[in-house]
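A.B. asks: Before I ask anything, here is the structure I am working with.
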Amino acid sequence: MFVDSHCHLEYESLAADADGMMARAKAAGVDYCVTIGTKLATFPDTLAVAGRFATVWCSVGVHPHHAAEEPLKDAAPLIERAQNPKVAGIGETGLDYFYDRSPRPEQIAVFRAHIDAARQTGLPLIIHTRDAEDDTIAILAEEMGKRAFTGVLHCFTGSQRLAQAGLELGLYVSASGIITFKKSESLREVFRTIPMQRLLIETDAPYLAPVPHRGKPNEPAFVAHTAAALAALRGVPVEDIASVTSANFFRLFTMARP
């Protein structure tokens, strides 16, 4: 059994063939998924997909790209929507200084509101960070010092320093199809060091399809290729990756029930 811990099933390219997509996932051994919220305005669509399938949960959040479009003064809008039993996580949220589609102060403010929502609800924080390692580490450490919360560094592409900082804060680290890319050897080196009990796997579908599907829309079934790459990297059977990452998922996403 595999779990795709991060995908975007409500996006048009996947929603157009939702039944077929979920059938292909099942055939590939992918039994559960989390479809991830990126805007409050589209959260009803995210929730609707999760409600349609018994094996799908969702999250509520504002992606850093949309922080200026949907600024948050506090955690209340997130907490309100998180009361639905299909909501298993908070985010995705974080900092993206690569694209800088929202001003950095607004990204930081929205990030902190999500952290507060994760603390108050007990749901895991789903963290996006790109070219923002110093601020990400500093904010997470400061906020964790106020009161603990759980979370995952999703679609991890960062440095060994970021991975170690996240692990020391009790976070999980999620591998995407990027670890199968030819030019990702430095990232694979990081994933050789992540403790097995802190690993998750994801697709980030419809983006970042792994080898051998590069150039095609990604979908949950393809998380099996990421699992196979991790197994080869770690020198363990793919069944071990499946069982460990699934157990890790249910330990972190406590609202999700197999």
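A.B. asks: Between ASN84 and LEU167, what length comes free when the chain is fully extended (0.36 nm per residue of separation minus the Cα-Cα distance, one decimal in nm)?
C.D. replies: Gain on extension, ASN84 to LEU167, equals 26.9 nm.
A.B. asks: Please list 3J(HN,Hα) in residue order for segment 25-42, calculated via the Karplus relation 6.51 cos²θ - 1.76 cosθ + 1.60 where θ = phi - 60°; whole Hz, with x for glycine and proline.
C.D. replies: Once rounded to whole Hz, the list reads 4, 4, 5, 8, x, 9, 8, 9, 9, 10, 8, 9, x, 10, 8, 5, 5, 9.
A.B. asks: Spelling out what I want: for every residue of segment 222-229, take phi, set θ = phi - 60°, compute 6.51 cos²θ - 1.76 cosθ + 1.60 (Karplus), and round to whole Hz; glycine and proline get x.
C.D. replies: For segment 222-229, the Karplus-derived couplings read 6, 5, 4, 5, 5, 4, 5, 5 Hz, x marking Gly and Pro.
A.B. asks: Over 32 Å between Cα atoms, which of LYS146/LYS182; LYS26/LYS182; LYS86/LYS183; LYS73/LYS216; LYS86/LYS182 qualify?
C.D. replies: Violating the 32 Å limit, Cα to Cα: LYS146/LYS182; LYS86/LYS183; LYS73/LYS216; LYS86/LYS182.
A.B. asks: Using θ = phi - 60° and the Karplus form 6.51 cos²θ - 1.76 cosθ + 1.60, what ³J(HN,Hα) does each residue of segment 84-98 get, whole Hz, x for Gly and Pro?
C.D. replies: 5, x, 7, 8, 10, x, 10, x, 8, 9, x, 9, 10, 8, 6
A.B. asks: Taking DSSP loops as anything outside H, G, I, E and B, show the longest stretch in the chain free of chymotrypsin sites (Phe, Trp or Tyr not before Pro) there with at most 11 other beta carbons within 10 Å.
C.D. replies: 100-258
A.B. asks: Still on this model: Using only the alpha carbons of segment 132-205, determine the length spanned along each of the three principal axes and report them from longest to shortest in whole angstroms.
C.D. replies: Projected onto the principal axes, the Cα atoms of segment 132-205 cover 40, 23, 21 Å.
A.B. asks: Now for a different question. What does a probe at PHE250 reach in segment 1-29, counting residues whose amide N is under 14 Å from the point 7 Å along Cα→Cβ?
C.D. replies: Of the residues in segment 1-29, 1-4 have backbone N under 14 Å from the label point off PHE250.
A.B. asks: May I ask for log10 I(q)/I(0) of the chain at q = 0.11, 0.13, 0.15 Å⁻¹, from a Debye sum over the Cα atoms as equal point scatterers with solvent left out?
C.D. replies: Here log10 of I(q) over I(0) equals -0.52, -0.75, -1.03.
A.B. asks: Hey, quick one: spin label on ASP31, modelled 7 Å out along Cα-Cβ, who in segment 221-250 has an amide N within reach, i.e. under 18 Å?
C.D. replies: 221-225, 227-228, 238-250
A.B. asks: Further question: Full extension from ARG147 to ALA109: what is 0.36 nm times the residue separation minus their Cα-Cα distance, to one decimal in nm?
C.D. replies: Full-extension gain reported as 11.9 nm.
A.B. asks: So what is the 222 nm mean residue ellipticity for the chain from helices alone, if each DSSP H run of at least 4 adds -39500 (n - 2.57) and you divide by all residues, rounding to the nearest 500 deg cm²/dmol?
C.D. replies: Taken over the chain, the calculation gives -12000 deg cm²/dmol.
A.B. asks: For the chain, which whole percent of the accessible surface, found with a 1.4 angstrom probe, sits on carbon and sulfur atoms?
C.D. replies: 54 percent
The values are calculated or read from the model by the stated rules, or taken from the named source; none is laboratory data. In this text the structure is predicted, and so the values were computed from the model without any measurement. Note that each Cβ is placed from the backbone with ideal geometry, even for glycine, and that neighbours are counted across all protein chains shown. For accessibility, only protein heavy atoms count, side chains too; no ligands or nucleic acids. Shrake-Rupley method; radii C 1.70, N 1.55, O 1.52, S 1.80 Å.
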